[in-house]
Amino acid sequence: MKREIKIYSPATVSNIGCGFDVMGFALDEPCEEIIMRTSAEPGIKIKKITGDNGEIPYDIEQNTATKALLSYIQFNPINFGLELEINKKMGLGSGLGSSAASAVSAVYGLNYLLGNPLHNDKLLLFALDGEKIASNAIHADNVAPCLYGGFILIRSYDPIDIIKLPIPPDLYCTVIHPQIEIKTSEARALLGNTVKLKDAITQWGNVGGLISGIYQNDYSLIGRSIKDKVAEPHRSKLIPGYDQIKEAAYESGAIGCNISGSGPAIFALSVSKETAEKVASAMEEACNQVNIENKIYVSKINKNGPLIVE
Ligand code: HSE
């Protein structure tokens, strides 16, 4: 048995402003890529990693993709070996869920090779074991939308309860990725352990508003609800030009704009492709003003999660 597959898993925007650790959605682009080969020799080996500036470990206990695979195999042993080539397309510490996408690709790929014996709900738990290495914390708001596609609410972590939300049909997302690295673990450490009651009230009002807006295709309500009192005030300082980039997005027609995950990527939602492209140019120009190189993406909301090519 010798087989090779390529798995593409989508970038994700977690938090969506108000939903720290409990909301996220998937994008059509960019995607992470893993090539997975079966081998007669038992064990898991990482043959090659590209796009990581040499920063990602080859040690299978320390790598998010292989750690997720080890969890899968512990639950469901396999009688062949695996070789992996991990091609990081988003860079590291982007705020686009790159580590989650690698963990999801790995378990989704192995499950596919085995004829899909396990449900996504199980794969999610294995992928979370991998993701934990990258951020020193359990948060499913990248892994879950990456695996299921669309908009996700994590209603509870204990026990894990994932709610798939509808996708408002006209939404387009602009993402700007300033080419600096922010480590999720460090961006989490900035937040401390407490939130003021007044801020919590604002925050849960907005989470309810965002979910309600998503169900009703009420774009104005979605936009009004993309606000953040918990992470943005601390983390925006790590992103040069953040206020100007955000202002440029709103001025050119975005309905909502905030930090994607722990940053530095910034997302903006718009109600047409045309507006999302205008927003992209405005955000890019604002980012250029602070002399930070950037990559920009305009994408629909991804509906399907990972894609496998044989
Ligand atoms: N919810 C997580 C955080 C996402 O904001 O720390 C990290 O990608």
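The values are calculated or read from the model by the stated rules, or taken from the named source; none is laboratory data. Predicted model, so just to flag it, every value in this text is computed and none were measured. Positions of Cβ are backbone-derived with ideal geometry, glycine not excepted, and every protein chain shown enters the neighbour counts.
Structure notes:
- Unmet requirement for I301, which otherwise passes all of (1) within 28 Å of V104 (Cβ to Cβ); (2) modelled with pLDDT of 95 or more; (3) more than 22 Å from the chain's Cα centre (by Cα): (3)
- Scanning the range 213-242 for residues that are farther than 18 Å from Y172 by Cβ and free of Cβ contacts under 8 Å to residues at least 12 places away in the same chain yields a total of 3.
- Some residue of the range 37-48 being closer than 30 Å to I296 by Cβ and either touching a Ser or Thr at 6+ places or on another chain (Cβ under 7 Å) or buried (at least 18 other Cβ atoms within 10 Å of the Cβ) (or both): no
- Scope the range 248-272; condition among the β-branched types (V, I, T) and away from the ligand (no atom under 11 Å from the Cβ); matching residues: I255, I266, V271
- Considering only residues in the range 71-98 that are among the small types (G, A, S) and in contact (Cβ under 8 Å) with a residue 60 or more places away in the chain, the one that is farthest from the ligand (Cβ to nearest atom) turns out to be G91.
- The residues of the range 247-295 that are at negative phi, among the small types (G, A, S) and in contact (Cβ under 8 Å) with a residue 40 or more places away in the chain, listed by number, are A249, A254, G256, S260, S262, A265, A268, S270, S272, A276, A280, A286.
- Checklist (1) touching a residue at least 24 places away in the same chain (Cβ under 8 Å); (2) away from the ligand (no atom under 16 Å from the Cβ) applied to G115, failing item: (1)
- P145 closer than 29 Å to W204 by Cβ and within 12 Å of the ligand (Cβ to nearest atom): yes
Residues are listed down the side, and each one gets a yes or a no for (1) within 16 Å of the ligand (Cβ to nearest atom); (2) under 30 Å from I292 (Cα atoms):
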{"residue": "L165", "(1), (2)": "no, no"}
{"residue": "A187", "(1), (2)": "yes, yes"}
{"residue": "L190", "(1), (2)": "yes, yes"}
{"residue": "Q216", "(1), (2)": "no, no"}
{"residue": "S236", "(1), (2)": "yes, yes"}
{"residue": "G241", "(1), (2)": "no, yes"}
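- Within the range 119-175, the set of residues being out of contact with any helix residue (DSSP H, G or I) (no Cβ under 8 Å at 6 or more places or on another chain), touching a residue at least 12 places away in the same chain (Cβ under 8 Å) and farther than 20 Å from L96 by Cα comprises D121, R155, Y157, P169.
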